[in-house]
Amino acid sequence: MKTNFFKYSVLLLALVSATVANAQKKPVAHTIHSSTGYTTEDGKEHVTDYHNGKEYRLTFIGGKLTAMFIDDEKIPESKFSDYSAEIARIKEQMRKDKIQAKKDQAQALLDEAQAKRDQIQAEKDQIQAKRDQEQAMRDQEQAKKDQLQADKERENAKLDQEQARKDQEQAIKDQAQAKLDQEQVLKDQAQAKIDQREAEEDQRQMKLMISDLIKDGIIPNEKSLSSVTLSQTEMTVNDKKMPDDIFKRYKAKYTRFARGTFSYGNEGNFRGIHMSREKK
């Protein structure tokens, strides 16, 4: 069973006035109410219409009027024509209602389609919003990483700057030290030349002393000399202390040896001259 119901009503309100004069009443204007509705059942259309205080109930089959009631009074089919105006009015209202119903149905379909589109769009918007939120979180996380990286680079730059300053200071120190080292090399070179000249003079003086020792009969020859010492206080030859006159004579002649600690060895692990000179 399929049922459709359409109802349209129009209310017209008339002024109701009542005045009482000398116990007399004037007639009251009544409200006019009109509405029409119908249902369909098993191919029959049942129409209920209220108009001017009367109730009309009509039944149509295939668009043909088959039954009519006015205020529960059944109207014979032979008298349908007496109510042609009311029937025409009701049919017109039914026609308008059906047209409106089709419009409403079409609009309902459009609204449903639009609602579906809106739902689809809402789902898309929701998905996009989720994506945007996820992207925003990723961007925020990346921003944190970038900030940390920037802080790290800033700190590294600060450390590099500090290291560069230290390197510059160290370079200045190294340059100064290099200059000192160079000066020391020059001094060492100069001292080496002096030491070489001193050594050569020591060797020359030693040869002279050996010649004197042989000439003075203290030793028979150079090979017999194993050691000589000479200082400010004494002289020894082959570990034998020399007499005072010999000591004084050699001290006066070989003052370069007597100024410090001098020793000459020619045996064992000690060969050559050992000198510890006093500073002039």
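The values are calculated or read from the model by the stated rules, or taken from the named source; none is laboratory data. Quick caveat: nothing in here was measured; it's all calculated off a predicted structure. Neighbour counts are summed over all protein chains in view; Cβ atoms, including those assigned to glycine, are modelled from backbone coordinates with ideal geometry.
Among the residues making up region 231-240, those that are under 17 Å from Pro220 (Cα atoms) and loosely packed, with under 15 Cβ neighbours inside 10 Å are Asn238, Asp239, Lys240.
Assess whether Gln175 counts as being surrounded by 11 or more Cβ atoms within 10 Å (Cβ to Cβ) and either in contact with an Asp or Glu (Cβ under 9 Å, 6 or more places away or on another chain) or more than 20 Å from Asn266 (Cα to Cα) (or both). Considered against the rule, which asks whether it is surrounded by 11 or more Cβ atoms within 10 Å (Cβ to Cβ) and either in contact with an Asp or Glu (Cβ under 9 Å, 6 or more places away or on another chain) or more than 20 Å from Asn266 (Cα to Cα) (or both), Gln175 comes out as no. Kindly indicate whether any position in region 5-14 is modelled with pLDDT of 50 or more and loosely packed, with under 12 Cβ neighbours inside 10 Å. Looking through region 5-14, none of the residues is modelled with pLDDT of 50 or more and loosely packed, with under 12 Cβ neighbours inside 10 Å. All but one of (1) part of a strand (DSSP E or B); (2) surrounded by fewer than 16 Cβ atoms within 10 Å (Cβ to Cβ); (3) at pLDDT 90 or above hold for His274, so report the exception by its number. With (1) part of a strand (DSSP E or B); (2) surrounded by fewer than 16 Cβ atoms within 10 Å (Cβ to Cβ); (3) at pLDDT 90 or above applied to His274, the lone miss is (3). Selection within region 88-126: residues that are of a type outside the set (Lys, Arg) and in contact with a strand residue (DSSP E or B) (Cβ under 9 Å, 6 or more places away or on another chain). The member of this set that is surrounded by the fewest Cβ atoms within 10 Å (Cβ to Cβ) is Gln100. Could you list, in sequence order, all residues of region 47-105 that are in a strand (DSSP E or B), among the β-branched types (Val, Ile, Thr) and without any contact (Cβ under 8 Å) to a residue 24 or more places away in the chain? If the condition is that a residue be in a strand (DSSP E or B), among the β-branched types (Val, Ile, Thr) and without any contact (Cβ under 8 Å) to a residue 24 or more places away in the chain, then Thr48, Thr59, Ile61, Thr66, Ile70 are the ones that fit. Residues in region 162-205 that are more than 44 Å from the chain's Cα centre (by Cα) and among the polar types (S, T, N, Q): Gln175, Gln177, Gln182, Gln184, Gln189, Gln191, Gln196, Gln203, Gln205.
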